[in-house]
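A.B. asks: The structure that follows is given in the form of structure tokens.
The numbers here are math on the coordinates, done by the rules we state, and not lab data. Because the structure is a prediction, the values reported are computed rather than measured. Counting neighbours? That spans all protein chains shown, and the Cβs are built from the backbone with ideal geometry, glycine included.
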Amino acid sequence: MSNYNDILEHLPYKSSFRFVDNILQLDEDGVTGEYTLREDAFFYEDHFIDNPITPGVIITEIMAQIGLVVLGIYLLKKKNHHSVQAPETFPLFSSTEIAFYKIVLPGEKVTVVSKKEYFRFGKLKCYVEMWNEKNELVAEGTFAGIVNDASDLKSNQW
């Protein structure tokens, strides 16, 4: 795939909750992507009043979207022999052992680097780091999730 950013069209998020601007590197072993926090993002209004910082849950979501969902879509496309249309994905993820080291302010650009630990039976597990523009580690953790074709999941009774 020469243009990684075609994956962005297949992310299952609307613009107000899509936290991926650019994919810098993508292969079956990992992904590197960027996101710039919008100064007018809805979550800054009340977190915290007169001193906005990015909530940890948003940092976690950025890491999951780039580090797990983007990579999962890529791996599914590859499994489906680079079909023109990416499969409709329904990623479910859980994260464990996330450590936070730096705060992220409105307007900052962050880079997420994800390294695949394994992808089998629809389960993807990655070690994910987030870095700021000063090349300081913001957060790190392990993310795991089920990344399957949604049509397969919808047919199952949960």
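A.B. asks: By the scheme Lys and Arg +1, Asp and Glu -1, what is the net charge of all other residues having a beta-carbon under 12 Å from that of Lys134? The partial results should precede the final answer.
C.D. replies: On the way: positive: Lys102, Lys109; negative: Glu108, Glu133, Glu136.
Spelling it out: positives minus negatives among the neighbours equals -1.
A.B. asks: Give the cross-link partners of Lys77 among the aspartates and glutamates, using a straight C-alpha distance below 16 Å as the criterion and excluding same-chain residues fewer than 8 apart.
C.D. replies: Correct list for Lys77: Asp6, Glu9, Asp27, Glu28, Asp29, Glu88, Asp149, Asp152.
A.B. asks: Let me ask something else. Taking the Cβ-Cβ separation of Thr96 and Asp40 as r and a Förster radius of 25 Å, what is the calculated FRET efficiency to the nearest 0.05? Don't skip to the end; give the middle numbers.
C.D. replies: Values: r = 32 Å, r/R0 = 1.28.
In this case the efficiency is close to 0.20.
A.B. asks: For the range 34-82 and the range 119-135, what is the centre-to-centre distance using only Cα atoms, to the nearest Å?
C.D. replies: Spelled out, the Cα-based centre of one part sits 12 Å from the other.
A.B. asks: Using mean Cβ contacts within 10 Å as the protection proxy, how do 37-43, 18-24, 6-12, 62-68 order, highest first? Don't jump to the answer; show the numbers that get you there.
C.D. replies: Details: 37-43: 13.9, 18-24: 17.4, 6-12: 15.9, 62-68: 26.3.
Going by the mean number of other Cβ atoms within 10 Å, highest first, we get 62-68, 18-24, 6-12, 37-43.
A.B. asks: In the range 107-145, which GluC sites (Glu not before Pro) are in a loop and have at most 12 other Cβ atoms within 10 Å, using DSSP for the loop call?
C.D. replies: Details: sites: Glu108, Glu117, Glu129, Glu133, Glu136, Glu140; in loops: Glu108, Glu133, Glu136.
Within the range 107-145, the qualifying GluC sites (Glu not before Pro) (loop, at most 12 other Cβ atoms within 10 Å) are Glu133, Glu136.
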